[in-house]
Amino acid sequence: MVEGLIFDFNGTLFFDTDKQEEAWRIYIQRKYHRSIGLTEFRDHIHGRAFDSIFKYYLGSDSSIEEQKEMMNEKEAIYREIARADPKNLHLLSGTESLFDELRERKIPFTVATASEIKNVQFYFEVFPLHKWFTGPEDWVYDDGTIPGKPEPDIYLKAAKKIGIEPENCLVVEDSFPGINAAVDAGIGKVIAMNPSGDRDKIEKMNVVEAIILDFNGFAERFLNE
């Protein structure tokens, strides 16, 4: 039985893959004067925390200053792109009614995201997240203290935050590394949100109970068993 829920954010609660990719393309072109390919997004960027991306682009011996510069520049570009598209700056269809129902039913839930604090603060600024969360402290995000996905630490920490054993949690993820992180954390039920780049892989994963397009009808389908 599902006793608690953990949601990824980017590509799950907020569809922003196009904005993330555009920001990376702009940054890599400015920094390295080259383009970035689809396999590069799949293998080194999507669903991964910055510590993994640092190693790929900057090398394992990169300095803290180099890492901070990369993170700050790329994420500033991303936020500019997101703000410039207010029509699409909203939570995925069905999210708000699902969160309201979870609160009403007293089912604990949180967000576990590879985003860093400035982006999380941005999300609390532009989305009505204060209806369900006090602030970023209610989420698990990339604060530099734990390894990123596909390591399981972020989901273990999220389950602990809501006080539910991992095997009694349901995770909603959109990326292959994120799903692997949830599985390795011992999460009891995994739902995939409209995966794109790794769809073929994810469709073949027996651990994924379903692939969904939005959160409409989610509670009736997955929480009333």
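How much of the calculated P(r) for the chain lies past 33 Å, in percent of all Cα pairs?
Working: 3096 of 25200 pairs.
Summing the P(r) of the chain above 33 Å gives 12 percent of all pairs.
For the chain, the longest principal axis of the Cα atoms and the long axis of helix 153-162 meet at an angle of about 40 degrees.
Provide the gained length on full extension for the span Ala84 to Arg105, in nm with one decimal, where the gain is 0.36 nm per separating residue minus the Cα-Cα distance. Working shown, then result.
Values: separation 21, 0.36 × 21 = 7.56 nm, distance 3.65 nm.
Full-extension gain reported as 3.9 nm.
Relative to the longest principal axis of the Cα atoms of the chain, the long axis of helix 95-104 makes an angle of roughly 40 degrees.
In the chain, a dipole from Cβ-located charges (positive for Lys and Arg, negative for Asp and Glu) runs towards its positive end, and of Asn216, Pro86, Leu5 it is Pro86 whose Cα lies farthest in that direction.
The charge dipole of the chain, taken about the Cα centre with unit charges on the Cβ atoms of Lys, Arg (+1) and Asp, Glu (-1), comes to about 280 debye, rounded to the nearest 20. In this structure, Tyr56 and Asp214 have a Cβ-Cβ separation that, at R0 = 22 Å, corresponds to a calculated FRET efficiency of about 0.10.
Taking the longest Cα principal axis of the chain as reference, the axis of helix 117-126 is set at about 60 degrees. Excluding same-chain neighbours fewer than eight residues apart, the lysines reachable from Lys157 by a Cα-Cα span under 25 Å are Lys55, Lys68, Lys106, Lys118, Lys131, Lys149, Lys189.
The numbers here are math on the coordinates, done by the rules we state, and not lab data. The structure presented is a predicted model; accordingly, all values stated were derived computationally and were not measured. Cβ coordinates were reconstructed from backbone atoms using ideal geometry, including for glycine residues, and neighbour counts include every protein chain displayed.
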